[in-house]
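Before any comments, here is the structure.
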Amino acid sequence: MPDNPLARHGGLTYLHIPAADLRKSAGFYREVLGWKLEERDDGWRFSDREGLLIGGLGLGPAQPDERLVCYFYVDDIQAAIARVIAAGGEIVAPPAEQGDIHVARVRDPAGNLIGLWQFAG
């Protein structure tokens with residue numbers, strides 16, 4: 001399917017996120033990243049705003065360490081940090097400048113470690 005935006009060689013297009021409370025985790029990703037979420041008979045499904053990333057939330061233990069951390073771009077990292085806290089997440093490393101970007105690491109309500117980044121300036 002060459003016209004399918006999900007079919008990008010080397011592109012991250014599907015993500016499975018483990019969680020103990022699927023509804024709470026769905027709300028977190030909706031609030032923090034603006035993902036579209038849908039509860040279905042077989043669990044929660046999501047897509048990002050552009051439809052370039054799809055995935056699901058499923059019951060399972062969190063991935064709390066830094067072996068593999070997915071970073072998500074945000075338009076305003078300070079506002080995203082406020083949304084993380086409001087949605088039940090935790091700040092692991094506050095926004096810090098790294099070259100021409102600002103980077104932060106947070107935990108979702110299930111304890112999964114993710115990164116947020118924004119261009120500096």
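The values are calculated or read from the model by the stated rules, or taken from the named source; none is laboratory data. Please read all numbers here as calculations on a predicted model, not as lab measurements. A quick note on method: Cβ atoms are made from the backbone with ideal geometry, for glycine too, and the neighbour counts reach across all protein chains shown. Heads up: the accessible areas ignore ligands, DNA and RNA and are worked out on the full protein's heavy atoms, side chains in. Shrake-Rupley method; radii C 1.70, N 1.55, O 1.52, S 1.80 Å.
Structural remarks
- Averaging Cα coordinates gives a centre for segment 98-113 and one for segment 55-84; these two points are 7 Å apart.
- Carbon/sulfur fraction of accessible area - the chain, other protein chains in place, 1.4 Å, %: 53
- Accessible-area value, Arg40, 1.4 Å probe, nucleic acids and ligands omitted, Å²: 110
- Set of segment 6-38 residues, backbone N closer than 20 Å to the point 7 Å along the Cα-Cβ line of Ala86: 23-37
- Distance between the 7 Å Cα→Cβ label points at Gln98 and Arg67: 2.0 nm.
- Normalised by 2.2 N^0.38 Å, where N is the number of residues, the alpha-carbon radius of gyration of segment 4-121 equals 1.03.
- Paramagnetic reach from Asp21 in segment 61-86 [backbone N under 11 Å; point 7 Å along Cα→Cβ]: none
- Per-residue ellipticity at 222 nm, computed for the chain from helices alone with -39500 (n - 2.57) per DSSP H run of at least four residues, works out to -5500 deg cm²/dmol.
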